[in-house]
Structures are given as structure tokens and as C-alpha cells.
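Student: Mind looking over this structure? Questions follow.
The values are calculated or read from the model by the stated rules, or taken from the named source; none is laboratory data. All figures in this text were calculated on a predicted structure; none of them were measured in a lab. Note: ideal-geometry Cβ built from the backbone for every residue, glycine included; neighbour counts use all protein chains shown.
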Amino acid sequence: MRALLLRDLRLAFRAGGGFGLSLAFFLMVAVIVPLGVGPAPATLALIAAGVLWVGALLAALLSLDRIFALDYEDGSLDLLATSPLPLGGVVAMKALAHWLTTGLPLVAASPILAVLLNLPTQGYVWLLVSLAIGTPALSIIGAFGASLTVGLKRGGLLLGLLVLPLYIPTLIFGAEVVKSGAEGASIGTPLAALAAITAGAWAGLPLAAAMAIRANLR
Amino acid sequence: MLTAQNVSVARAGVMVLVGVSFHLTAGRALILRGPNGAGKTTLLRAVAGLQPLAGGSLNGGEDDIAYGAHSDGVKPTLTVAENLTFWAQIYGTHLTAPAMAAMQMETLANRRAGQLSAGQKRRLGLARILVTGRKIWVLDEPTVSLDAASVALFGAAVQAHLAAGGAALIATHIDLGFAAGVLDITPFRADAHAPVLSGQFDEAFL
Amino acid sequence: MSIWEYANPKKFMETSALLLPWLTGLSAALLGAGLFWGYFLTPDAAKFGSTIKIIYLHVPAAMMAISAWMMMLVASLIWLIRRHHVSALAAKAAAPIGLTFTLIGLVTGAIWGQPMWGTWWAWDPRLTSFLILTLFYFGYIALWQAIEDPDTAADLTAVLCLVGSVFAFLSRYAVLFWNQGLHQGASLSMDKQENVSDVYWFPLLVCIAGFVLLFVTLVLLRTRTEIRARRMAALLSRERLA
């Protein structure tokens, strides 16, 4: 299991691994939105939490098809499926590698982008907390979506169509944490819900994804 | 070590092979033959556990099989040694060095796999099989893009594996240079009059 | 004699062929009667005027939109556990019907909402949940269409339906939470038993029964089509082998 995680991290950091692409995309969103909405600080402060979360969502989505597609194309997925590793574990490790290479940098970069979007000061810590708790769910839900489309030649668009509805609860609770936190309101319920979604998704989805991969390899 | 009884396999809802039986014992290799599209790959994938059987049964070999497909699962941005070490860790062995020696890849150990020639890449794929330490090798066209010398190298590796009490099921068209049983799957090809299996696959709709 | 007998395509075709004319006639009769009763034989409501009458389409369509997804969920489970092809095909057949009901619900809701609340659309929890359900239907149908091998497609869509159901359920609660306190003014929901007098309630019941039967009829019809298509594919591939 650890070997797989390390291999995926190594592949992501080597040339062509795509590390940093989704981070750059996240930055793009934070720059594009004020250009479209206008520079009024009050407006930006109002939408900052939502924009940052939507940006995180789209940035995660962008890199999802890499989770399994490359391994599928070069035959590694066949070999992993016949290896002693449980396939659910393979899914979980690949999702974890995805989070470490896309989600975690996003969390780290989010305060800088929050400055661009004029997020109220009290919101910063909750932005970090909500992204840190919520983005792992984005990775594992995305891995599930990627497992459904792994056998398809042009699955990218379909992947978005399948995954984005599944992201809705995470998005709502995540953005709510930041919004309430920025207003100084209580954030207990959305934060608990966000954590529950992440935990539940990591507990259940690797198995569902393993089922989907088996069906796709058949 | 591995017994197939009356095995039937299907691909995309269509029966491909019906009633294949064979028995694989330690120290023996079985060569699968048959024209293109006969169902060799489908049968091997079923034996490797990637596909459900459409009928019959497979006994033994659950945790002993190392499967080698058309594509080697080689990562071009990792070096030869990194590629092999990864699979050794997955299978919990330390056979990277002997496997590289057997396939004469020591000099290439630190070369990126993406810079290898097609034949070298194939040798790396075969070294991966050695690295697993598994008893039963299930190989699909292992000699594609290998030159004569490399084929001999591969033949020697298989023979060493058999001598150590292993077994191998290999789909290939060429002579590997050692004695082995041959299973021609042509007679088992499903035709329009193949027996209808109730509840399974598209036959349910006929 | 077990219910699973009907999972055999042949048996299903025979039985559904017998049932279909009756179901068609009955659903047409109920819908005709219910809609006629509702539109022409009931008075205008004091609060809503004649716009109240859209409930005879709006409410049953909305109910069936959710029921259709439930039916797909059950059919998907049956496929995953017992691997009955008819079950998978029934789930596939139900999806576009469910989507249509969802769209009817959304459109009639907008038409009703315009005169009542002065807006075609509001991000009310109930409306939003419905819009999200539409997205789930889109994804499910798109996945069926994207995958060539029918058994693989059945497996993947069934898994998606299962996971999707959980997340659709979560979304429903997330949305309720999300709009708390923001939009308390006009509640678009209407408690049937309390707010609707018997005059409207009884024709509504007839319409709901009509919609249920319409759904069953359409699913049977579409499942038969899917079975014929599969049969044709099987015959063609047999032809190719021969």
C-alpha cells in the first residue's frame, strides 16, 4: 500500500505528472472571478467563501481523470487488480495520492487567494479548516467518478457530469463553514456534517469504486 | 496446481470459448495456441481472475498467479529499477536484483523506462513477472517485439522457473525452445450452436 | 412459483404483453377523468384563483419523479445482487421517464410560481433539491449511453444509482440547511391534507393514481423495447459467429 502511494506521488512530481496544474487553475479562478464580478470589496467579501470552494471543486475535478486513466492505458490497472493488494485499498491509496498532490497544495494556497477575494479576517481559519476537512472528500468522490469512466476514451466531460452532483453536499457545508465563520456565527453543525461526509465517503466509496473498476476491466 | 474444468468464457456478452479443460502441474508449461481472435486473451484474463467465468470451474492457484498482459504496466518516468522495486514491494518480495540479472537489465537499471526500446521494455515487463515470486505464470504473448536473443533469455527464465517447481500458462505463436504441453483452443470456439446457458449473458435473450 | 420467474426475459415479455393494454387503458381513463374533474368541475380557489389547477399536473409529476428514482434504486440493487437482466433494463428504461417527470414538475412549478410569487424560479430548498435530482438523472442516463458493453453499463450505472441515492439524500438535507434563514418569506410547499380542501383533494388523488399507472405502463413499454434491442444484439452477434 505504501509503495503504491509513494509511486503515485513520485509519478505526480516527475515530468508530465501534472503536479501544480490544479493549483494554477485554482489561482485562475480567484483572478477571473473579480474580473467578471467587479472590484467592489463588499461584493467580493460576500462571495469569497463560495468562490474559493467552487474553485477548489473545479480544480479537483480537473485532475480526476489522471487517477486511473494512465494506469488503465498502460496496463498497470490490470496488474494491480491481479496483485495481492485489495482493489479498494488501491483506490484509497490513489485517492490519497491525488489529495496530497492537488488538495493539500490547494488548502495551503487558499489564504493567499482569500486576500485577493477580500475574505473577512475571521474567515481565514475556517477557510483553512473547511478545506482541510472537505477536500479529502473531493478526492475520494472524484476517484469513484473516475472509476466509473475509466474504460471510456473521452470520459472527461462525462466525469464532470457524474461527479459534480456528488460534490454538492460537500460544497454546501464547506462554503457554509467559511461563510458562518466569517460572520462570526456558529459553525458546529456544518463542520460536523462536512467531517461526516468526508469520513463516510472514505469508508464506503473505495469499495464502490473497486466494484466499478472490476466491471470496467472485465 | 491449477485445474480448469469445462471452462467457458464470454467477451462483451458473447460466448467465446466453451468447455475448455486443462490441468497444470508443477514443473510444467502449457502453451495456448489458436488463431487471432480465438479467445486466448479472454481465457487468460479469466484465469487471472479479471473476468468472471461463463461456465465451468477453476481450481487452485488463487494466490499463486502472476499475470502478464499485452501491455507491461511500465511507467515511462520511473527508472527500470524503480519500476521493478515497486512491483516487488507490492508482492512483498526482494527479487529485483535477480530478476534484472535474469533479463540482463543491470546496465539499464537507472535508465528511465520511457527511454527503453520496445524490446527492452518488454524485457522489463517480463522481469516484473519474475519479481512477483508467484508460482504460476499466466502470460499473454510474452515474446512480442523480442529479438531472438531475448526470446532465448526468456525461454531460459521460464525453464528455470519450471525447474524450481513453478508452472506456466503461455499464449504464444513461436517456439520457446523447450518442451511444453500444447493446448490448441480452436476446437473449443463457441459457434452459433453453442449450448445456451440459462440466466447468463445474452443467451438469456435468445 | 416465485416472483423471480418474471426476471426471465421471455416470461417478462409474455406477462407484460398481457398486462400492457389494460394498464394503458386504465391509466388513460384515470388521467382523463382526474384531469377533467380537476380542471372543469372544481371551483377556483379563493387564494390561488384558477392557478390552483396546475397541481393536478405538478404534484403527481413531482411525486413520480422521486418514486421513479426509488424504483431505479430497487431495480439496481436487484441487478447487483441477483443479476437479473430485466431488472437492469427496467432501471435503464425508467430513467428518461423519471427525468421527464422531474422536468414537468420543474416547469409546471415555474408556471405556477410566476403568478403566485412573482418569480419563475427561487432557490427554495424544495426547488433546489429537485434541480439537483435532475442533475443526477442526467448523469445516470449519460453513463448508460457512454458504455458499450451492456453488462458493464448495467453494473456501473447500478453502482452510480446506489451512491447517487446516498448523495442525493445528503444534498436534500444540505440544501435545507443551506437556505435556512435566507428565504423564509413565501414557502412554496403546501401541505396537502391541511391546506387543500376536499374539492381539490379527490381529483388530485385520481390524478396521482393515473400518473402512477402511466409510469408503470411506460416503464413496461420501454423495458420491452430494451429487451428487444438486447435480443437483436444477441442475435446479430450469434450471426457474426456462425
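Student: With C:Ser87, C:Ser67 as the choices, which residue is within 14 Å of chain B (Cβ to nearest Cβ) and either at positive phi or in contact (Cβ under 8 Å) with a residue 24 or more places away in the chain (or both)?
Tutor: On the way: C:Ser67 fails: within 14 Å of chain B (Cβ to nearest Cβ).
Residue meeting the stated conditions: C:Ser87.
Student: For residues in the range B:75-94 being within 19 Å of the chain's Cα centre (by Cα) and over 23 Å from A:Ala69 (Cβ atoms), which is farthest from the other protein chains (Cβ to nearest Cβ)?
Tutor: So the residue we want is B:Leu84.
Student: What about B:Ala26, is it within 17 Å of the chain's Cα centre (by Cα), part of a loop (DSSP other than H, G, I, E, B), more than 8 Å from every other protein chain (Cβ to nearest Cβ) and of a type in the set (A, V, I, L, M)?
Tutor: Details: within 17 Å of the chain's Cα centre (by Cα): yes; part of a loop (DSSP other than H, G, I, E, B): yes; more than 8 Å from every other protein chain (Cβ to nearest Cβ): yes; of a type in the set (A, V, I, L, M): yes.
So B:Ala26 passes the test.
Student: Can you give me the number of residues within the range C:103-131 that are assigned to a helix (DSSP H, G or I) and without any contact (Cβ under 8 Å) to a residue 40 or more places away in the chain? Don't jump to the end; show me each part of the working.
Tutor: Of the range C:103-131, the ones assigned to a helix (DSSP H, G or I) are C:103-117, C:125-131.
Still in the list and also without any contact (Cβ under 8 Å) to a residue 40 or more places away in the chain: C:103, C:106-107, C:110, C:114, C:131.
Here the count works out to 6.
Student: Given A:Pro84, A:Pro39, A:Pro111, which one is without any contact (Cβ under 8 Å) to a residue 24 or more places away in the chain and within 30 Å of B:Arg134 (Cα to Cα)?
Tutor: That would be A:Pro84, the only listed residue that is without any contact (Cβ under 8 Å) to a residue 24 or more places away in the chain and within 30 Å of B:Arg134 (Cα to Cα).
Student: Sticking with this structure for a sec: Can you name every residue in the range B:31-67 that is surrounded by 21 or more Cβ atoms within 10 Å (Cβ to Cβ), farther than 16 Å from A:Arg218 by Cα and within 14 Å of chain A (Cβ to nearest Cβ)?
Tutor: B:Gly61, B:Ile65, B:Ala66
Student: Scanning the range C:135-150 for residues that are facing another protein chain (nearest Cβ under 7 Å) and in contact (Cβ under 8 Å) with a residue 12 or more places away in the chain, which turns out farthest from the chain's Cα centre (by Cα)?
Tutor: C:Pro150
Student: In the list A:Leu70, A:Leu52, A:Leu64, which residue meets the criterion of being crowded, with 22+ Cβ neighbours inside 10 Å, in a helix (DSSP H, G or I) and aliphatic (A, V, I, L, M)? Lay out the reasoning, then the answer.
Tutor: Values: A:Leu70 fails: crowded, with 22+ Cβ neighbours inside 10 Å; A:Leu64 fails: in a helix (DSSP H, G or I).
After applying the criteria, what remains is A:Leu52.
Student: If you don't mind, there's one more thing I want to ask. Take the residues in the range A:65-76 that are closer than 21 Å to A:Leu207 by Cβ and without any contact (Cβ under 8 Å) to a residue 24 or more places away in the chain, then tell me which one is farthest from the other protein chains (Cβ to nearest Cβ).
Tutor: A:Asp71
Student: All but one of (1) more than 21 Å from A:Leu4 (Cα to Cα); (2) modelled with pLDDT of 90 or more hold for B:Leu124; which doesn't?
Tutor: (1)
Student: Name the residue, out of A:Leu79, A:Leu11, A:Leu62, that is at pLDDT below 90 and at the interface with chain B (Cβ under 8 Å from one of its Cβ atoms).
Tutor: Working: A:Leu79 fails: at pLDDT below 90; A:Leu62 fails: at the interface with chain B (Cβ under 8 Å from one of its Cβ atoms).
So the residue among A:Leu79, A:Leu11, A:Leu62 that is at pLDDT below 90 and at the interface with chain B (Cβ under 8 Å from one of its Cβ atoms) is A:Leu11.
Student: On to the next question. Can you name the condition, by its number, that A:Ala196 falls short on among (1) more than 8 Å from chain C (Cβ to nearest Cβ); (2) in a helix (DSSP H, G or I); (3) farther than 19 Å from A:Ala132 by Cβ?
Tutor: (3)
Student: Residues A:Gly123, A:Gly151: which one is within 11 Å of another protein chain (Cβ to nearest Cβ), touching a residue at least 40 places away in the same chain (Cβ under 8 Å), over 22 Å from A:Phe19 (Cβ atoms) and over 17 Å from the mean Cα position of the chain (by Cα)? Explain how you work it out, then say what you get.
Tutor: Details: A:Gly123 fails: within 11 Å of another protein chain (Cβ to nearest Cβ).
Result of the check over A:Gly123, A:Gly151: A:Gly151.
Student: Which of the residues spanning the range A:14-23 are out of contact with any Leu (no Cβ under 8 Å at 6 or more places or on another chain) and within 10 Å of chain B (Cβ to nearest Cβ)?
Tutor: Initial filter on the range A:14-23 (out of contact with any Leu (no Cβ under 8 Å at 6 or more places or on another chain)): A:15-16, A:18-20.
Within the range A:14-23, A:Ala15, A:Gly16 qualify.
Student: Follow-up question, since we're still on this one. So, in the range A:82-105, of the ones that are among the β-branched types (Val, Ile, Thr) and within 22 Å of A:Leu27 (Cα to Cα), which residue ends up farthest from the other protein chains (Cβ to nearest Cβ)?
Tutor: Of the range A:82-105, the ones among the β-branched types (Val, Ile, Thr) are A:82, A:90-91, A:101-102.
From the residues that got through so far, the ones that are within 22 Å of A:Leu27 (Cα to Cα) too are A:101-102.
On the way: A:Thr101: 14, A:Thr102: 18 Å.
Residue satisfying both the conditions and the ranking: A:Thr102.
Student: Shifting gears a bit: Test A:Gly204 against the criterion of being of a type outside the set (A, V, I, L, M, F, W, C) and more than 9 Å from every other protein chain (Cβ to nearest Cβ), and give yes or no. Walk me through how you get there before you give the answer.
Tutor: Numbers: of a type outside the set (A, V, I, L, M, F, W, C): yes; more than 9 Å from every other protein chain (Cβ to nearest Cβ): no.
Answer is no for this residue.
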